[in-house]
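Read through the structure below, which is laid out as structure tokens, and then see the notes.
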Amino acid sequence: MDLGLRDRTCLVTGSTTGIGLETARMLAVEGGRVIVTGRDRERVERAKEEAGATAGIAADLATPEAAERLVAEAGQVDCLVNNVGEAYQAAFDQLTDEQWDSMWQLNVMSYVRCIRAVLPGMRRAGRGVIVNVSSTAGKRPSTGMPNYSVTKAAVLSLSRLVADLYAKDGIRCNAVAPGPTATGAWLGEGGLADQQAARSNNTRLEVLEAVGKGQPLGRLAEPEEIAAVICFLCSERSSYVTGSAWSADGGTVPTII
């Protein structure tokens, strides 16, 4: 199936690993002009090669000025995938104001700033696609990740807001809400599995087994399974889809809308 992405400029934030890297790779396979981003220049260059991307731009999107500079360097953006973010285990009553603000800047404000930066070009073109990566924790808060859950809920609201504001300009905006996914965020050293193990009496392996069995499909998602949903929402095959929050969670959150 031709997704209609050939020669479309696709900017994917947080695309040096995991879901972002797989999304960049799939968009490139579909003929998109893909731009990968991340904080570390060496990792960006490596991701560019792995994904077959057109360009790689290093940018720290937690800083206020980075989004505008990134989009200016990228040029006219047809598809924006906001994927950058962080997650960690913490107790609500132990989180500091600084931790709340730091996560808000990266997980929410980077999305706001990137959207704001691409809007003028998309409005001039009369078309554009924005896909924001949220989480099941945005729909059903995780008590072990309070600030993460709140930021991901904000991403869902932001996505609906942008869809409503700019549909008349031919711009579509949707969110994707993945469940636990087999990326470095969960599997890496010091990642969520290790953090959860440290906060419980379980081993890392036991944590991963329990998380997998806790999903109706009985396992963690693979990053390419989430990337496939993102690419569909970027594509012309989803041309009448906007303002939606697509669950890609193996049936984890029991809702019918």
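Determine whether Ala90 is surrounded by 14 or more Cβ atoms within 10 Å (Cβ to Cβ) and more than 17 Å from the chain's Cα centre (by Cα). The answer is yes for Ala90. Tell me whether the range 65-83 contains one or more residues that are more than 23 Å from Val162 (Cβ to Cβ) and without any contact (Cβ under 8 Å) to a residue 40 or more places away in the chain. No, there is no match, as no residue in the range 65-83 is more than 23 Å from Val162 (Cβ to Cβ) and without any contact (Cβ under 8 Å) to a residue 40 or more places away in the chain. Checking Leu3 against (1) farther than 22 Å from Ala221 by Cα; (2) crowded, with 24+ Cβ neighbours inside 10 Å, which test does it fail? With (1) farther than 22 Å from Ala221 by Cα; (2) crowded, with 24+ Cβ neighbours inside 10 Å applied to Leu3, the lone miss is (2). Does Asp97 satisfy the criteria of being surrounded by fewer than 19 Cβ atoms within 10 Å (Cβ to Cβ) and not assigned by TED's automatic domain parsing to the domain that holds Pro64? So Asp97 does not fit the description; no. The listed residues are Val44, Val36, Val71, and the only one of them that is crowded, with 24+ Cβ neighbours inside 10 Å and over 14 Å from the mean Cα position of the chain (by Cα) turns out to be Val71.
Checking each residue in the range 218-244 for being farther than 30 Å from Leu165 by Cα and either touching an Asp or Glu at 6+ places or on another chain (Cβ under 9 Å) or modelled with pLDDT of 95 or more (or both) picks out Ala221, Glu222, Pro223, Glu224. Please verify whether the range 36-48 includes one or more residues that are touching a residue at least 24 places away in the same chain (Cβ under 8 Å) and among the basic types (Lys, Arg). Scanning the range 36-48, I find at least one residue that is touching a residue at least 24 places away in the same chain (Cβ under 8 Å) and among the basic types (Lys, Arg), so the answer is yes. On the stretch given as the range 61-99, residues that are out of contact with any Leu (no Cβ under 9 Å at 6 or more places or on another chain) and of a type outside the set (S, T, N, Q) total 15. Scanning the range 99-134 for residues that are farther than 18 Å from Asp164 by Cα and aromatic (Phe, Trp, Tyr) gives Trp100, Trp104. Here Gly121 clears all of (1) surrounded by fewer than 21 Cβ atoms within 10 Å (Cβ to Cβ); (2) over 17 Å from the mean Cα position of the chain (by Cα); (3) under 24 Å from Val229 (Cβ atoms) except the condition numbered (3). With respect to the conditions (1) β-branched (Val, Ile, Thr); (2) touching a helix residue (DSSP H, G or I) at 6+ places or on another chain (Cβ under 6 Å); (3) in contact (Cβ under 8 Å) with a residue 40 or more places away in the chain, Thr16 falls short on a single one, namely (3). Identification of helices (runs of 4 or more DSSP H) wholly contained in the range 162-241 with 1 or more residues that are under 20 Å from the mean Cα position of the chain (by Cα) and not hydroxyl-bearing (Ser, Thr, Tyr) yields 184-187, 192-198, 223-234.
Determine whether the range 180-197 contains at least one residue that is surrounded by 14 or more Cβ atoms within 10 Å (Cβ to Cβ), in contact with a strand residue (DSSP E or B) (Cβ under 8 Å, 6 or more places away or on another chain) and under 24 Å from Cys10 (Cβ atoms). Within the range 180-197 (the criterion being surrounded by 14 or more Cβ atoms within 10 Å (Cβ to Cβ), in contact with a strand residue (DSSP E or B) (Cβ under 8 Å, 6 or more places away or on another chain) and under 24 Å from Cys10 (Cβ atoms)), the answer is yes, since at least one residue qualifies. Of the residues in the range 129-143, none is part of a loop (DSSP other than H, G, I, E, B), of a type in the set (D, E, K, R) and at pLDDT 95 or above. When Arg113 is tested against (1) closer than 25 Å to Ile171 by Cα; (2) of a type outside the set (S, T, N, Q); (3) in contact with a Ser or Thr (Cβ under 7 Å, 6 or more places away or on another chain), exactly one condition is not met: (3).
The values are calculated or read from the model by the stated rules, or taken from the named source; none is laboratory data. Just so it is clear, the model here is predicted, and its values are computed rather than measured. For neighbour counting, all protein chains shown are included, and Cβ atoms are generated from backbone atoms with ideal geometry for every residue, glycine included.
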